[in-house]
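S.K.: Sending over a structure as structure tokens; questions will come in a sec.
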Amino acid sequence: MAKREVSDPQAMKALIGQELGVSDWIEVTQERIDKFAEATGDFQWIHCDVERAKKEMPNGKTIAHGYLTLSLIPMFGHDVINVTNKSRGLNYGSNKVRFTNTVPSGSRVRGRAKLVGADDMPGNGVRMTYEWTVEIEGQTRPACVAETMGIVYA
């Protein structure tokens, strides 16, 4: 699905209730997992100890941190939608996040976005609420389902 272009923040309101698109696949490599562990200080063996995972994990691989999976959503967003006439955008947070499946090292994931709300904010902004589903290639159950929010200013 091609990236959707929207003229300005107010135009997003017409897309409420619609699927906006699906991002490209990205591989969750062990290197990406290790860098996330370094950034967050979360070195739990299920993420970083490849040799132990070979012996003790159900599929013999390490798994990505749940918050690593969640942190990919902004990257997916750049693949899915672009508001062309804006001055800036801000992350406004998350309402609900669920990690519903593990992401083994070497897996490919992508994001599927639906716009569930768009509300006016002070300063000529629109707060968008998205439902993101992070899919794992070859699996029916997603890795993550999250409701996230961002504000885009004209």
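Quick note: the coordinates plus some simple rules give every number you see, no bench work behind them. Computed from a predicted model, the values in this text were never measured in an experiment. Methodologically, a virtual Cβ is constructed for each residue, glycine included, from the backbone with ideal geometry; neighbour enumeration extends over all protein chains shown.
S.K.: With each pseudo-label sitting 7 Å past Cα toward Cβ, what's the Ala2-Ala154 distance in nm, one decimal?
M.R.: Using points 7 Å along Cα→Cβ, the separation is 2.6 nm.
S.K.: Which angle between 0 and 90 degrees, to the nearest 10, do you get for helix 30-40 versus the longest principal axis of the chain when only C-alpha atoms count?
M.R.: 70 degrees
S.K.: Farthest toward the dipole's positive end in the chain, which of Val80, Ile46, Leu115, given Cβ charges of +1 (Lys, Arg) and -1 (Asp, Glu) about the Cα centre?
M.R.: Farthest towards the positive end: Leu115.
S.K.: Computed from the coordinates I sent, Kirkwood radius over Cα pairs in Å equals one of [x] 17.0; [y] 16.4; [z] 15.3. Tell me the label.
M.R.: Matching entry in [x] 17.0; [y] 16.4; [z] 15.3: [y].
S.K.: Could you pull out every one of the aspartates and glutamates with an alpha carbon less than 19 Å from that of Lys35, ignoring same-chain neighbours closer than 8 positions?
M.R.: Once the sequence-local aspartates and glutamates are set aside, what remains near Lys35 is Glu27, Asp49, Glu51.
S.K.: So, one more: Near Glu135, within a Cβ-to-Cβ distance under 10 Å, what is the net charge of the other residues, with Lys and Arg +1 and Asp and Glu -1?
M.R.: Here the count lands on +3.
S.K.: Please list the non-local residues whose amide H lies under 5 Å from the amide H of Val116, H modeled 1.01 Å from N, same-chain partners needing a gap of 5 or more.
M.R.: Those qualifying (amide H under 5 Å, at least 5 residues apart or on another chain) are Gly17, Thr129, Tyr130, Glu131.
S.K.: Under 5 Å between amide H atoms, partner at least 5 residues away or on a different chain: which partners does Lys86 have, H built in plane at 1.01 Å?
M.R.: For Lys86, whose amide H was placed from the backbone, there are no distant partners under 5 Å.
S.K.: Please go through segment 65-154 and write out the GluC sites (Glu not before Pro) that DSSP classes as loop and that have at most 12 other C-beta atoms within 10 Å.
M.R.: Sparse-neighbourhood loop GluC sites (Glu not before Pro): Glu137.
S.K.: Using a Förster radius of 35 Å, what is the FRET efficiency between Val97 and Glu51 based on their Cβ-Cβ separation? Nearest 0.05, please. Present the calculation step by step, with values, prior to reporting the outcome.
M.R.: Values: r = 31 Å, r/R0 = 0.88.
Between Val97 and Glu51 the formula returns 0.70.
S.K.: Treating only the Cβ atoms of Lys and Arg (+1) and Asp and Glu (-1) as charged, compute the dipole magnitude of the chain about its Cα centre; round to the nearest 20 debye.
M.R.: Charge dipole of the chain: 180 debye, to the nearest 20.
S.K.: Just tell me which aspartates and glutamates come within less than 12 Å, Cα to Cα, of Lys114; anything on the same chain fewer than 8 places away is out.
M.R.: Candidates past the 8-residue exclusion: Glu19, Glu131, Glu147.
S.K.: Now for a different question. How much length, in nm to one decimal, is gained on full extension between Leu90 and Asp42, taken as 0.36 nm per residue of separation minus their Cα-Cα distance?
M.R.: Working: separation 48, 0.36 × 48 = 17.28 nm, distance 2.60 nm.
Contour length minus the Cα-Cα distance gives 14.7 nm.
S.K.: Given H placed 1.01 Å from N in the peptide plane, which residues other than close sequence neighbours of Thr62 have an amide H under 5 Å from its amide H?
M.R.: Ser105
S.K.: What net charge is computed for the residues neighbouring Asn91, neighbours being all others with C-beta under 14 Å from the C-beta of Asn91, Lys and Arg scored +1, Asp and Glu -1? Could the numbers behind the result be given before it?
M.R.: Details: positive: Arg88, Arg127; negative: Glu147.
Taking every Cβ under 14 Å from that of Asn91, the sum is +1.
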